[in-house]
Amino acid sequence: MSFLELQSLRKTWPDGTQAVKSLDLAIEAGQFVVLLGPSGCGKTTTLRMVAGLEQPSSGSVRLNSQDVTHAPPSARDIGFVFQFHALYPHMSVEQNLLFPLENVGVPKAERRATVARVAAALGLDGMLRRRPRELSGGDQQRVALGRALVRKPALWLMDEPLGMLDAGERAHMCEFLRAKQLEHRAATMYVTHDQEEAMRLADRVVVMDRGEVLQDGPPGMVYSEPQSLFVARFVGSPGMNLIEGDARAGVFQARGTNIQWALPHPVPDGPVIVGARPENVRVDAEGAFTGRVVLDAFVGPCRYVHLDSPAGRIVVRVSADQSAPSGGQWRVEFDPRALCLFDPRTGRRLNESRS
């Protein structure tokens, strides 16, 4: 049996809105699982049901072989980091950090040593006498993280914990969180809509939309082998290039154009959407079609060049030193080895993954 098991978990609000629809999910001890999806997809509601802060409409939550579906939060061995701090305003930073340890009877000397160590790691050691109202939003979020990390719970639940931090702090805290999670081997369920965080932190990424799990797997697999149009569009920045067209006798033709190419995988004749990640679009390829450069986005190690083509907008990833003057004409072609084929009616993947 898995360490955390969610079985047929549902949450329906009083107005009839289904926030979570019969969700099944299992997390092993020590795994770092990220729930990724847009606002309103049900990921925070799922987290709150695991924490005991929301009661499921139906289904069950089992933690370490125990049914905790209706147990109060205090009866679950969890550490929770909220999106909006939830610090005790009348306590100093040090008192906020000490409180979880005092609550479980940790000896005073050990409490002090633990808080000093975590405060130093989070850059809070110069703020221990301050109250939350005297801190910036980013510093308050670091205190909230510290309060969860001073204990060693069996399960960490984190809801957008880095949302108030700037880019540099976020990168540092991602490294810190992952290091601490690996050190303590605590199972972790982490909610975010930030793909970079998800890919950097997760052992498994669970993509959600409208209360349902659309894909669950290692980050690299979710990125390179999306099983639906939603995942293809949502995962990746920018998302996957998608061209609508029709398949006939193993040949794809982009709708409204003369662009054709042989499909590497057999699919039924009819409407089909062909997808390729920006890094899987070849430049100056044989049998290519032409696109006009409309945007050159430099992102440090590479460039994302946006092209207007007869088949629609195409984004190509090229090296940082490759020139892309506006208005230039580029010949491009999707790498046939990396094509993803989708059914436009169902949104589901048609061809098998390459792995």
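Looking at T17, is it buried (at least 21 other Cβ atoms within 10 Å of the Cβ), of a type in the set (S, T, Y) and within 27 Å of the chain's Cα centre (by Cα)? It is false that T17 is buried (at least 21 other Cβ atoms within 10 Å of the Cβ), of a type in the set (S, T, Y) and within 27 Å of the chain's Cα centre (by Cα).
Residues satisfying the criterion are absent from the range 106-119 (criterion: touching a residue at least 40 places away in the same chain (Cβ under 8 Å), in the same structural domain as V191 (by TED's automatic domain parsing) and either crowded, with 17+ Cβ neighbours inside 10 Å or part of a strand (DSSP E or B) (or both)). All of A276, A297, A338 fail the test of being free of Cβ contacts under 8 Å to residues at least 12 places away in the same chain and under 28 Å from G37 (Cβ atoms), apart from A297. The single residue among A338, A285, A324 that is within 20 Å of T257 (Cβ to Cβ) and at pLDDT below 95 turns out to be A285. Taken over the range 292-302, the criterion of being in contact with an Asp or Glu (Cβ under 6 Å, 6 or more places away or on another chain) and among the charged types (D, E, K, R) is satisfied by R292 alone. Take the conditions (1) within 30 Å of K21 (Cβ to Cβ); (2) under 26 Å from the mean Cα position of the chain (by Cα); S74 misses just one of them, which is (2). Among the candidates L201, L229, the residue that is over 12 Å from the mean Cα position of the chain (by Cα) and surrounded by 17 or more Cβ atoms within 10 Å (Cβ to Cβ) is uniquely L229.
Within the range 260-281, track down each residue that is part of a strand (DSSP E or B), surrounded by fewer than 18 Cβ atoms within 10 Å (Cβ to Cβ) and out of contact with any helix residue (DSSP H, G or I) (no Cβ under 8 Å at 6 or more places or on another chain). Within the range 260-281, Q260, G270, P271 qualify.
Of everything in the range 73-102, what is assigned to a helix (DSSP H, G or I) and among the polar types (S, T, N, Q)? Give them in sequence order. Residues satisfying the conditions are S74, Q95, N96.
Restricting attention to the range 307-355, the residues that are touching a Lys or Arg at 6+ places or on another chain (Cβ under 8 Å) and of a type in the set (S, T, Y) total 2.
Taking T257, is it over 30 Å from V20 (Cβ atoms), part of a strand (DSSP E or B), among the β-branched types (V, I, T) and without any contact (Cβ under 8 Å) to a residue 60 or more places away in the chain? The answer is no for T257. The residues on offer are V33, V61, and the sole one that is over 17 Å from the mean Cα position of the chain (by Cα), aliphatic (A, V, I, L, M) and buried (at least 16 other Cβ atoms within 10 Å of the Cβ) is V61. Quick check, is G52 out of contact with any strand residue (DSSP E or B) (no Cβ under 6 Å at 6 or more places or on another chain) and either closer than 19 Å to T188 by Cβ or of a type in the set (A, V, I, L, M, F, W, C) (or both)? Here the answer is yes, as G52 does meet what is asked. Is it true that L165 is in the same structural domain as G30 (by TED's automatic domain parsing), more than 21 Å from G52 (Cβ to Cβ), touching a Gly at 6+ places or on another chain (Cβ under 6 Å) and in a loop (DSSP other than H, G, I, E, B)? Yes, satisfied.
Exactly one residue out of S92, S74 is modelled with pLDDT of 90 or more and not aromatic (F, W, Y), and it is S92.
The values are calculated or read from the model by the stated rules, or taken from the named source; none is laboratory data. Quick caveat, the model's predicted, so the values are computed rather than measured. Note: ideal-geometry Cβ built from the backbone for every residue, glycine included; neighbour counts use all protein chains shown.
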